[in-house]
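A short worksheet on the structure shown next.
The values are calculated or read from the model by the stated rules, or taken from the named source; none is laboratory data. What you see is a predicted model; the values in this text were computed from it and never measured. No Cβ is skipped: glycine too gets one built from the backbone with ideal geometry, and neighbour counts run over all protein chains shown.
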Amino acid sequence: MGTSKWLDKEVTVLPGVGANRRQLLAKLGLYTLRDVLYGFPRTYQDFTRVWSPDELREEGEYLVTGELVELTERPISGGRRLVQASLHMDGSYLRLTWFLVHRGRGYTYIYNRLKGAKRLWAYGHAKRALVEWEMNSPEFFLRQPKLGLTPVYPLVAGITNKMRISWAQFALEHLDELYECLPSHLTAKYGDRHTAIRDMHFPGSWAAQKKARTRLVFEEFFLFHLGLQSGVAQADGWPHKVDGPLVKRFLEGLPFRLTVGQAQSIADVRADMESTARMGRLIQGEVGSGKTVVAQYAAVKAVESGGQVAIMVPTEVLARQMADRFRDAFQHLGIEVDLLVGSLTKKNREEVLKRLQNGELQVVVGTHALITEGVEFKKLTLAIVDEQHRFGVEQRQALGASSGADMLVMSATPIPRSLALTMYGDLDVSTIRELPRGRKPVDTRLIHPSQRERVYTFVTSRVKQGEQAFVVFPLVEESDKLDLKAAVQEMERLKAGPLRGVRVGLVHGQMGKEKDEILQAFYRHELDVLVATTVIEVGMNIPRATVMVIENADRFGLAQLHQLRGRVGRGDKQGYCFLIADLKTDTVRARLNAIRNSNDGFLIAEEDLKLRGPGDLLGLRQSGQPMFLLGDIVADQELLIIAAEAAKALLGQDPELDEYPTLKEELNRQRPAV
């Protein structure tokens, strides 16, 4: 069925490819004939129409023809030669220019080929100059080239586009070995695999290329989501009881009214937990939007049904804060909450493990320590993971995997839907968009570096009123190249200058246990100002913190800035965020104005995704988002959503894919990469 005689052979079966060219092709990621088949063009030369100079209206790529006039060549600076000519037709001109190094036969070759030509066809990027249109270094032809779209492939030195075209043609001769993997109802909509691959390499028209790309991008997204979701839909969970008196006491005892988003998220969790299927749900919302109360509701529901709850957070400081918040919320309910973190003494750790094993301990909050060897629960029915993007997918799935516990993931990082589908495609999503009633938007201001001292005078005045402040830098060590101020050096300057007499602490990413001690001191208000790198971006809940100063703000992504801003103004006092940056360019000014003018984290995250791409968004590089061959999760967002829904629907009908053997085989072939 799927056995390939040729497709899995090494590229040395290609005409003209020996050991040397095999190494060159390896640089392009081409090792087998299958790789060549899927090594699609990066663009196309558009020879579908021949233009005359008088028809040009917009800057772009064109194949232009006309009478060759005014051919000249002369030396210019740097040992180069300038060859120029013009194409003339119907009273309009297109100026052609080649800048050539005075070496070998390069410039004489071009000049001698053009000399004596009456008519010329030129292909390149045309743009309007002062009077006439011009092309720099165009390709040229003495006869009209074959009309159509010519593929342009990624190259390395020693490999030409002509070679790539011939090898693609060779690989296509063995296309029949590639089986169709999509179900018939999807090929009816998106077309067949063979035609799509053929038309990606050699499309007859732009419409054919677009249809081919759509089919192949859909296939990528569909297979990815099948791999992500398979095993989730049919997984059995713990069917929890309907809300009883304990849950009602918890909800009635809340000192605030739930927002619409909180109420809807609780309803989503309630339905999930009362079903027989295992819950997998992501609760996402702004910093301070009240996600924790949803997690607390789920925990009370699990305990009331006779289960235990594990809550995993990225750092020990956050674990202690989370444990405090759960204890405060549960003290009138008689629910036991304790910590399991790396710094526990051996005796304390053994005591916690014993209470987990015999069921005495109902709720445990911890770090990675929760998924280490020796941690056993009597009846774990709910696993909560906070700030999921700080953990790998495997770590998240490891918590509660053996017990089939329901999974609730919380993220204070507003995530665009397309990115959520790739990071959390195995989870249903609930979103809390509103902030709690009475919360004031943070007052955000752009500050030129020359006004920096005024900002720190303001910080001192707020500290004297019992408030706290953050000062954030993008790097830990001085970088001459970027001309950034190092946090270590700057803290000393601040303590000796504008923050003299203020209790200042420093945390950065290179610290060990000392970092947790300083964060705890800030949490207990033993420090007034925390100088930090972005380690405080996530999870710190300091109600007294009202001022956020961000140095070199132009070095941060939009979503990072929004996250940092969300650390202040969480109590009843007004929050302030000062973005200190040299607004040298319109781009920097526009980006920072977007933060100043908007408090909508989801809108900001969408903009950040467009500007920086998924690899950089929120510092998530190397965190496991897939890199697709053709698909772009921003440009192809609509297709990504359709593919995710199609995968979910198919798995709902046939969880094991028994009716789709070729699809199952393709999924298994790709699974290591999924």
| Out of the residues in the stretch 198-235 that are modelled with pLDDT of 95 or more and in a loop (DSSP other than H, G, I, E, B), which is nearest to ASP636 (Cα to Cα)? | PRO203
| note | Within the stretch 109-138, the residues that are in contact with a His (Cβ under 9 Å, 6 or more places away or on another chain), surrounded by 14 or more Cβ atoms within 10 Å (Cβ to Cβ) and part of a strand (DSSP E or B) are MET135
| said: Against the condition surrounded by fewer than 16 Cβ atoms within 10 Å (Cβ to Cβ) and touching a residue at least 40 places away in the same chain (Cβ under 8 Å), how does GLY374 come out, does it pass? | reply: no
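Condition check ((1) of a type in the set (Asp, Glu); (2) on the phi < 0 side of the Ramachandran plot) across all residues:
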| residue | (1), (2) |
| --- | --- |
| VAL247 | no, yes |
| ASP272 | yes, yes |
| VAL317 | no, yes |
| ALA329 | no, yes |
| GLY334 | no, no |
| LYS346 | no, yes |
| said: With the structure loaded, tell me whether THR195 is in contact with a strand residue (DSSP E or B) (Cβ under 6 Å, 6 or more places away or on another chain), of a type in the set (S, T, N, Q) and either at positive phi or not in a loop (DSSP other than H, G, I, E, B) (or both) or whether it fails that test. | reply: no
| message | Let me confirm something: among GLY569, GLY539, which residue is modelled with pLDDT under 80 and assigned to a loop (DSSP other than H, G, I, E, B)? | response | GLY539
| query | Residues in the stretch 627-635: is at least one part of a helix (DSSP H, G or I) and modelled with pLDDT of 80 or more? | reply | no
| Sole exception among (1) within 14 Å of ARG281 (Cα to Cα); (2) of a type outside the set (D, E, K, R); (3) at pLDDT below 70 for PRO436, by number | (1)
| Which of the residues that make up the stretch 178-197 are aliphatic (A, V, I, L, M) and at pLDDT 95 or above? | LEU182, LEU186, ALA188, ALA196, ILE197
| request: Evaluate the stretch 404-420: report whether one residue or more is in a loop (DSSP other than H, G, I, E, B), at pLDDT 80 or above and loosely packed, with under 14 Cβ neighbours inside 10 Å. | output: no
| query | If you take the residues in the stretch 580-596 that are outside any helix (DSSP H, G or I) and out of contact with any Lys or Arg (no Cβ under 7 Å at 6 or more places or on another chain), which one is nearest to LEU435 (Cα to Cα)? | reply | ALA581
| request: Take ARG42 and decide whether it is loosely packed, with under 14 Cβ neighbours inside 10 Å, of a type in the set (Lys, Arg) and free of Cβ contacts under 8 Å to residues at least 12 places away in the same chain. | output: no
| message | Based on this model, can you work out whether ALA271 counts as crowded, with 24+ Cβ neighbours inside 10 Å, over 29 Å from the mean Cα position of the chain (by Cα) and closer than 19 Å to ILE432 by Cα? | response | no
| query | If you scan the stretch 55-75, which residues turn out to be more than 17 Å from LYS115 (Cα to Cα) and either at pLDDT below 90 or not small (Gly, Ala, Ser) (or both)? | reply | GLU55, LEU56, ARG57, GLU58, GLU59, GLU61, TYR62, LEU63, VAL64, PRO75
| task | Report, ordered by the first and then the second residue, all pairs with beta carbons closer than 6 Å, sequence separation of six or more or different chains, a first member in the stretch 287-316 that is farther than 17 Å from VAL375 by Cβ, and a second member that is surrounded by 24 or more Cβ atoms within 10 Å (Cβ to Cβ) and among the hydroxyl-bearing types (Ser, Thr, Tyr). | result | VAL294/SER265; ALA302/THR381
| query | Does VAL50 satisfy the criteria of being free of Cβ contacts under 8 Å to residues at least 60 places away in the same chain and farther than 23 Å from GLN670 by Cα? | reply | no
| remark: How many residues of the stretch 552-564 are in contact (Cβ under 8 Å) with a residue 40 or more places away in the chain and surrounded by fewer than 23 Cβ atoms within 10 Å (Cβ to Cβ)? The answer is 3
| field | Evaluation of ARG621 against (1) in a helix (DSSP H, G or I); (2) at pLDDT below 60; (3) out of contact with any helix residue (DSSP H, G or I) (no Cβ under 8 Å at 6 or more places or on another chain) (one fails), failing number | value | (1)
| said: Among the residues in the stretch 465-485, are any in a helix (DSSP H, G or I), at pLDDT 70 or above and in the same structural domain as ILE447 (by TED's automatic domain parsing)? | reply: no
| Complete set of residues in the stretch 161-184 that are more than 31 Å from the chain's Cα centre (by Cα) and more than 27 Å from LEU147 (Cα to Cα) | ASP176, GLU177, LEU178, TYR179, SER184
| said: Please go through (1) of a type outside the set (Val, Ile, Thr); (2) farther than 27 Å from GLY60 by Cβ; (3) over 35 Å from the mean Cα position of the chain (by Cα) for LYS146 and return the number of the only condition it doesn't satisfy. | reply: (2)
| field | Test: MET548 is over 22 Å from the mean Cα position of the chain (by Cα), under 23 Å from PRO314 (Cα atoms), surrounded by 20 or more Cβ atoms within 10 Å (Cβ to Cβ) and modelled with pLDDT under 85 | value | no
| task | Any chance you could count how many residues in the stretch 199-224 are without any contact (Cβ under 8 Å) to a residue 40 or more places away in the chain, over 27 Å from the mean Cα position of the chain (by Cα) and surrounded by fewer than 21 Cβ atoms within 10 Å (Cβ to Cβ)? | result | 2
